[in-house]
Amino acid sequence: MAYAPRSGAPRTGGEGGEGGDRRRGRRRDDNREQRQDREQDEFKDKLVTINRVAKVVKGGRRFSFAALVVVGDEKGRVGWGAGKAREVPEAIRKATERAKRGLIRVPMREGRTLHHDVIGEFGAGRVILRAAPAGTGIIAGGPMRAVFEVLGMGDVVAKCTGTTNPHNMVKATFAGLARCTSPRAVAARRGKKVADLLPNPPRGGAEPATEAAGV
């Protein structure tokens, strides 16, 4: 038994057809571009160093570029990444993507400095990071300054006492920042109140400097 075709124009698109697939593909592309634009606005990146690497092959030397980049949102999150490619822009892009995948959060006192002094070590790299009063600024050189700038830290004193290799300096700085903590986190870990961890007031009757702790 033969069936007569339905009246009206045949369906050539829709949510389940080829037209729907194209529309969904365009929406995914638009959403991806919007996410990339938001990430570019949110994060700030700095190129620490770039090195030209030569590989000797049968036909001669083949050159490539290795880039070291630090990325941060200037609000307490920071990350580093290394990338290698035949061209400089591609090496920087790879390093930036890897830096965004390895972000860490650093607690800051009053949003401007560290809660306490800390030492960071990685390989032959060794750095000393110290909290500083307001108005000090960033007293650090080379790769460490780039890390603190993208982190959003306004007052800090840093000194490198080991190798000056940029990769080891950056990794040692991140090792030190990863060890930083805040009075609130320590109190929560020990099951105490923040006031219990602060020093006792002097006998003159002055109030404890709870505001100075930046908790």
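Rule-based calculations on the coordinates, nothing more; no lab input. All values derive from a computational prediction rather than experimental measurement. Don't worry about glycine lacking a Cβ; one is built from the backbone with ideal geometry, like all the others, and counts go over all protein chains shown.
Results, tabulated for the structure shown:
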item: Cut-off under 5 Å, modelled amide H: who pairs with ARG109 long-range; result: LEU114, HIS115
item: Peptides 125-131, 59-65 ordered by average Cβ neighbours within 10 Å, highest first; result: 125-131, 59-65
item: Cut-off 17 Å, label 7 Å out along Cα→Cβ of GLU74, residues of segment 117-158 by amide N; result: 137-138, 145-156
item: Lysine-lysine proximity count for segment 31-168, Cα under 15 Å, sequence distance 8 or more or distinct chains; result: 7
item: Rounded, prolate or oblate (a/c below 1.5 giving rounded, otherwise prolate when a/b exceeds b/c) for segment 52-135 by Cα gyration tensor; result: prolate
item: Under-5 Å amide H pairs with VAL48, H placed in peptide plane, nonlocal only; result: LEU68, VAL69, VAL70
item: Label point distance in nm, SER64-VAL194, each placed 7 Å from Cα along Cα→Cβ; result: 4.8
item: Distance between modelled label sites at HIS116 and GLU87, nm, 7 Å Cα→Cβ extension; result: 4.9
item: Computed FRET value (nearest 0.05) for ALA134 with ASN51, which takes r as the C-beta separation and R₀ as 41 Å; result: 0.65
item: Local electrostatic count at VAL170 - Lys and Arg +1, Asp and Glu -1, tallied over other residues with Cβ under 14 Å; result: +2
